[in-house]
Every structure is written in C-alpha cells, then in structure tokens.
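Worksheet for the structure shown next.
What follows is calculated from the coordinates using simple rules that are stated; it is not laboratory data. Quantities reported herein were computed from a predicted structural model and do not represent experimental measurements. Neighbour counts run over all protein chains shown; Cβ positions are idealised from the backbone, glycine included.
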C-alpha cells in the first residue's frame with residue numbers, strides 16, 4: 001500500500017494526467033488483487049475524491065489566495081474551458097484575478113473626488 005500512496009502523492013503534482021494515471025493504477029491493482037467489485041469501489045472513491053478536490057476544495061483555496069469568490073473561480077474555469085479548452089481552463093483564474101484587480105483599481109480611482117489644487121500658501 002505504501003508504494004501506491006507514494007505514486008499517488010508524486011503523480012498529484014503532474015497537472016491533468018497525474019491524478020488520472022494514479023487512479024488508473026489504483027483501480028488496476030484493486031482489480032487484479034481483489035476482483036471486479038473492489039475495483040469498482042476504488043473507482044467510485046477515486047472519482048468522488050477527484051470531484052471534491054477539483055470542484056470544491058481547489059476553488060475555495062484559490063478564492064482565498066486571490067481574493068475572489070469561489071463562485072467566480074468556478075465560473076471562470078468553466079467559461080475558460082468552454083471557450084479555449086484545457087489552456088482556457090488553466091489561464092482562466094489568473095485572467096479573472098487580473099480583471100478583478102483592474103476593476104477594483106479603476107473603481108477606486110473613479111470614485112475618489114479630485115483633490116483641490118494647492119496654491120502653495122496655507123491659510124493663516
């Protein structure tokens with residue numbers, strides 16, 4: 001079991017295909033050693049964990065780190081993926097963060113009234 005845990009840990013650092021590869025190996029080992037029923041149970045657990053990690057935990061962590069709401073992160077990844085595929089999904093969150101920073105900066109600049117020009121003399 002330890003080699004499988006190490007394989008899963010190391011493959012988690014490889015984007016997109018790492019988790020798929022580790023899940024495939026885990027299901028294959030369960031199939032060979034314990035049969036079809038255990039392999040299906042392992043497959044269900046792997047799919048559940050991957051869905052939770054990708055659709056719940058990762059957006060929550062990214063939203064805290066970037067100051068974006070989790071729904072904005074999910075929407076950005078969904079739109080990026082539908083518009084540009086995998087590359088769009090990967091670039092969606094940084095682009096959303098950039099848009100949020102520019103939006104907040106412009107909103108702050110436009111909401112502050114311009115200061116009165118100083119004449120160089122102070123009232124006495």
Worksheet item: Taking Cα pairs under 8 Å and at least six residues apart, what relative contact order does segment 1-110 come out at, in percent?
Response: 12
Practice prompt. Would you mind calculating the gained length between residue 37 and residue 109 on full extension (0.36 nm times residue separation, minus the Cα-Cα distance), in nm to one decimal?
Written response: 19.7 nm
Item to complete: Principal axes first, then extents: for the Cα atoms of segment 1-57, list largest minus smallest coordinate on each axis, whole Å, largest first.
Response: 31, 22, 17
Worksheet item: Hey, what's the Cα Rg ratio for the chain versus the globular rule of thumb, 2.2 N^0.38 Å?
Response: 1.75
Worksheet entry | Extended-chain gain in nm, criterion 0.36 nm per residue less alpha-carbon gap, residue 45 and residue 98 | 15.5 nm
Response to the item:
With label points set 7 Å from each Cα along the Cα-to-Cβ direction at residue 12 and residue 86, the distance between them in nm comes to 2.1
Item to complete: Work out the FRET efficiency for residue 56 and residue 2 from their Cβ-Cβ distance, taking R0 = 35 Å, and round it to the nearest 0.05.
Response: 0.80
Fill in: Kirkwood estimate for segment 67-111, i.e. one over the average of 1/r between Cα atoms, Å
10.9
Worksheet item: Based on DSSP H runs of at least 4 residues, each adding -39500 (n - 2.57), what is the mean residue ellipticity at 222 nm of the chain after dividing by all its residues, to the nearest 500 deg cm²/dmol?
Response: -26500 deg cm²/dmol
